[in-house]
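Below is one structure, written out as structure tokens, with a few remarks after it.
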Amino acid sequence: MNNNDEKNLPIGTYLRVWGIVVALVTLSYAIFLLEIEPLWLRRFLFTAIALLQATLGVRYFMQMRWERPSLVYAIVLPVTLLLALVIFALSEGRYVLGVRQLEYSAEVSQQPVRETPSAQSGNLVELGKQLAQSNGCLSCHSSTGNRLVGPSWKGLYGSTRELEGGATVIADEAYLKESIVNPAAKIVKGFSPVMPPFTFLSDEEIQTIIEYIKSLTTEN
Amino acid sequence: MHHEQQERITPLRAFFADWASDRRAFQVRWSKAMMWIFILGDAFVFGSFLSAYASARLAAAAPWPNAGEVFALPIGGAEIPLLLVALMTLILLSSGGTMALAVLYGLRHDRAKAALFTALTALLGALFVSLQGVEWTNLIREGARPWSNPWGAPQFGASFFTLTGFHGLHVSIGVLLLAIVALRIARGVYDKKGDYLGVELVGLYWGFVDLVWVFLFPFFYLF
């Protein structure tokens, strides 16, 4: 501040601005709680309210309103460059998601050498675990209950699955086999249909992996 | 300084007047211009963090955790989504108001009130950081880590700890500065100097910390 006007600024102005800021943040929270649809409208409102709050904060609480234009432009104009950064970040994010989904399918179908289970290396469950590991299953399906790209295998066998569209199915052997060779047939609610079909596995290998999945239910 | 006629000056004319020939461009004290430039740099730090968060959230193959459920606070049996965060937001925004009042009373050389409101701002800031500590503790107890969490995309933890951690660090440093400035006001340091510029500077810093939260709250919690 470089003149004396603001020394006589009424405190009422500050209190009013503070009241508006509190009202705006309450409004944001209310929009969140009421879950106003559609989502893009909600997000647009959040952004608009945040920008309005920021403008008030900079103009009154940081006293930018009383500064000379040289300082205002020197500070405010560079900040608009952040918009370019945001646009780059958004397009990059979309691109990476696309690559992840593509690369993932390619990686799985291009695995030329699969470890064949040897009879000496332990029981069926252990073999199934090795197969699930070498075929990349475990990078999307956890054995611990953690949600990754796909549903966790822990407690999966024998449970009732709620599907996209509202139907339910019991996760028996037939369902598990279908979900391996034709994953798009039944999609569990809340997941994306990104898994490629594992048609190159032999019936024996599929059965072995299913034995491993079964063990994750009976263990505890 | 030249004798400027008190005619109506448009912003554009004022801009050229300020930059024309060898004059002082920023007609504020150098320390204030430097504080603004520091804030500009810090704005780019947080802008980059928020952009990185947007990118990571878009690129996540697993579904993003529902913040309303993750940050719910149980009150009398019902889970109220984001209640603690909403409370923290109100506290921080209120501290922005008390800071502005402290600066105003500083300009009026009202020592007692300036000290009181600066100290009040520091207290509200400390309360905010304490509640953030509660939030972090709850989340870490429930299994949130920077590399994984029980609710969905693993990028959630990294974004949460980076964004709120850096902001919390800024608030903590601000509380320290405010406490020092409040003490200096009370001791009459600024009265001896003849101006309350120190209060204005910490006021600018605190206004910026407030501003960052104005964007963090909707983009991280409400989106």
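The values are calculated or read from the model by the stated rules, or taken from the named source; none is laboratory data. From a predicted model like this one, the values you see are computed outputs, not experimental measurements. Cβ: placed from backbone, ideal geometry, glycine included. Neighbour counts: every protein chain shown.
Listed by first and then second residue, the pairs linking a residue in the range A:132-157 that is without any contact (Cβ under 8 Å) to a residue 40 or more places away in the chain to a residue that is exposed (fewer than 15 other Cβ atoms within 10 Å of the Cβ) and not in a loop (DSSP other than H, G, I, E, B), with Cβ atoms under 8 Å apart and 6 or more places separating them unless they lie on different chains, are A:Gly136/A:Glu107. Within the range A:9-63, restricting attention to residues that are more than 30 Å from the chain's Cα centre (by Cα) and hydroxyl-bearing (Ser, Thr, Tyr), the residue that is nearest to B:Leu222 (Cα to Cα) is A:Thr55. Scanning the range A:178-220 for residues that are touching a strand residue (DSSP E or B) at 6+ places or on another chain (Cβ under 6 Å) and either in a loop (DSSP other than H, G, I, E, B) or at positive phi (or both) yields A:Lys186, A:Lys189. Residue-level check: of (1) out of contact with any Asp or Glu (no Cβ under 7 Å at 6 or more places or on another chain); (2) within 7 Å of another protein chain (Cβ to nearest Cβ); (3) part of a helix (DSSP H, G or I), B:Ala62 misses just (3).
Return the total of residues in the range B:106-154 being out of contact with any Pro (no Cβ under 9 Å at 6 or more places or on another chain) and assigned to a loop (DSSP other than H, G, I, E, B).
Summing the residues that are out of contact with any Pro (no Cβ under 9 Å at 6 or more places or on another chain) and assigned to a loop (DSSP other than H, G, I, E, B) in the range B:106-154 gives 3.
For every residue, the table says whether it meets (1) within 7 Å of chain B (Cβ to nearest Cβ); (2) over 32 Å from the mean Cα position of the chain (by Cα).
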| position | (1), (2) |
| --- | --- |
| A:Pro69 | yes, yes |
| A:Val72 | no, yes |
| A:Leu82 | yes, no |
| A:Gly98 | no, no |
| A:Glu103 | no, no |
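Taking the condition in a loop (DSSP other than H, G, I, E, B) and either modelled with pLDDT under 95 or in contact with a His (Cβ under 8 Å, 6 or more places away or on another chain) (or both), does B:Met34 pass? In short, no.
Within the range A:168-177, can you find the residues that are touching a residue at least 12 places away in the same chain (Cβ under 8 Å) and not in a helix (DSSP H, G or I)?
Selection gives A:Val169, A:Ile170, A:Ala171, A:Asp172.
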